[in-house]
Amino acid sequence: MELERIHHVAIIASDYEKSKAFYTEILGLRVIAENYRAERRSYKLDLALPDGGQVELFSFPDPPARVSRPEAAGLRHLAFVVPDVENALAELRGRGVAVEEVRVDEFTGKRFAFFADPDDLPLELYEA
């Protein structure tokens, strides 16, 4: 098997409209397609990442809460590469998003910082 790259990451939102606004207006992801699946009472929003990857945003009626912190087993966070962490954080702060302090990866020396989406999913900005 030869894996080439991640195609998409799927996120289930508790408040679809709020999360849609966050990912499109705050993070600036472009909408590829938006579909309503009546039989599941669910939206599926496909969002484009600049490298060709995608974020799939779903809504479902009354989704159960997922434990995220402290360090629960399973997928930890979603990380986005940015050219300058400080500039990206300043932009997020300017849009009303709470961000954590910049840290330095002890192994690579790269700077990174965390923030969260409307459902408190940890998101990371990683300077490359």
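Here are the numbers:
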quantity: Scope the stretch 11-53; condition at pLDDT 95 or above, part of a strand (DSSP E or B) and open to solvent by 40 Å² or more (accessible area, probe 1.4 Å); matching residues; calculated: ARG30, VAL31, ILE32, GLU34, ASN35, TYR36, TYR43, LYS44
quantity: Filter result for ILE6 (out of contact with any strand residue (DSSP E or B) (no Cβ under 8 Å at 6 or more places or on another chain) and of a type in the set (Val, Ile, Thr)); calculated: yes
quantity: Condition met for ALA72 (among the small types (Gly, Ala, Ser), surrounded by 14 or more Cβ atoms within 10 Å (Cβ to Cβ) and outside the structural domain of VAL9 (by the TED database)); calculated: no
quantity: Residues of the stretch 54-67 classified as under 30 Å from ALA38 (Cβ atoms) and in a loop (DSSP other than H, G, I, E, B), total; calculated: 7
quantity: Residues being more than 16 Å from GLU25 (Cα to Cα), free of Cβ contacts under 8 Å to residues at least 60 places away in the same chain and assigned to a loop (DSSP other than H, G, I, E, B) - total across the stretch 78-128; calculated: 13
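The values are calculated or read from the model by the stated rules, or taken from the named source; none is laboratory data. In this text, all values refer to a predicted model and were calculated from it rather than measured experimentally. Note that each Cβ is placed from the backbone with ideal geometry, even for glycine, and that neighbours are counted across all protein chains shown. To get the accessible areas, we keep the full protein, side chains included, count just its heavy atoms, and leave off ligands, DNA and RNA. Shrake-Rupley method; radii C 1.70, N 1.55, O 1.52, S 1.80 Å.
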